[in-house]
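The values are calculated or read from the model by the stated rules, or taken from the named source; none is laboratory data. Treat the numbers as computed from the prediction; the structure is a model and nothing was measured. Neighbour counts run over all protein chains shown; Cβ positions are idealised from the backbone, glycine included. With ligands, DNA and RNA removed, areas are computed over all heavy atoms of the protein, side chains included. Shrake-Rupley method; radii C 1.70, N 1.55, O 1.52, S 1.80 Å.
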Number of protein chains: 2
Amino acid sequence: MALPHASPGQIVRLDPLGERLTESVSTALFKAAQLEVVRLVLPRGHTMRDHRVQGEITLHCLEGVIDLTVDGRTQPMHAGDLVYLAAGQPHALHAVQDSSLLLTLCLLPGV
Amino acid sequence: MALPHASPGQIVRLDPLGERLTESVSTALFKAAQLEVVRLVLPRGHTMRDHRVQGEITLHCLEGVIDLTVDGRTQPMHAGDLVYLAAGQPHALHAVQDSSLLLTLCLLPGV
């Protein structure tokens, strides 16, 4: 279900999706001039193969367990874990459990 | 206690501080070219008066309850609540309970 993007100053609740996770999809929470925030939903077994993003990003695990591979090194992310990646840094994600993450992207000027 | 900044790909744990909160201080987790992330620690009763930040920011409540005032409107933020503010948008924070928040700032080019 598509939700309207949040406005500046509008509070968005990020409760764990729990049993609703497998019926949920990744959702852009807002996209402003400099920042975009997406809630990624990765059901168990789902993989995002090695890819890169133009700007710097943060990933913040909200629930579940995600294997994050950066520069050939794989580390598990649990709820409450935060990581940032340099612009263009290749990375891959694999959901070990039903998981959701907050992805914050810095949008480059003019992009 | 000052901690070294995280490197790209290095996972930072953001467990609630709980009883350690009143002995903790706000900490910059990392500062990169485009993004800076700070864990703000606001013991109960602490206020950050009306101020503004040059770039866009997000605030993500990790624990506690914070009254956020934006454009003269006050709303409570609980653990798991996220909000973004436009560049230069005046805002104030008041900790209703011992609280910590994740502050993500987009750094303007050349700043």
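Please determine whether any residue of region A:44-61 is under 20 Å from B:LEU103 (Cα atoms), more than 7 Å from chain B (Cβ to nearest Cβ) and not in a strand (DSSP E or B). Within region A:44-61 (the criterion being under 20 Å from B:LEU103 (Cα atoms), more than 7 Å from chain B (Cβ to nearest Cβ) and not in a strand (DSSP E or B)), the answer is no, since none of the residues qualifies.
All of (1) more than 12 Å from chain B (Cβ to nearest Cβ); (2) touching a His at 6+ places or on another chain (Cβ under 8 Å) hold for A:ARG20 with one exception: (2). Residues of region A:21-41 that are open to solvent by less than 50 Å² (accessible area, probe 1.4 Å) and part of a strand (DSSP E or B): A:THR27, A:ALA28, A:LEU29, A:PHE30, A:LEU35, A:GLU36, A:VAL37, A:VAL38, A:ARG39, A:LEU40, A:VAL41.
Answer yes or no: is there a residue in region A:42-64 that is in contact (Cβ under 8 Å) with a residue 60 or more places away in the chain and open to solvent by less than 70 Å² (accessible area, probe 1.4 Å). Scanning region A:42-64, I find no residue that is in contact (Cβ under 8 Å) with a residue 60 or more places away in the chain and open to solvent by less than 70 Å² (accessible area, probe 1.4 Å), so the answer is no.
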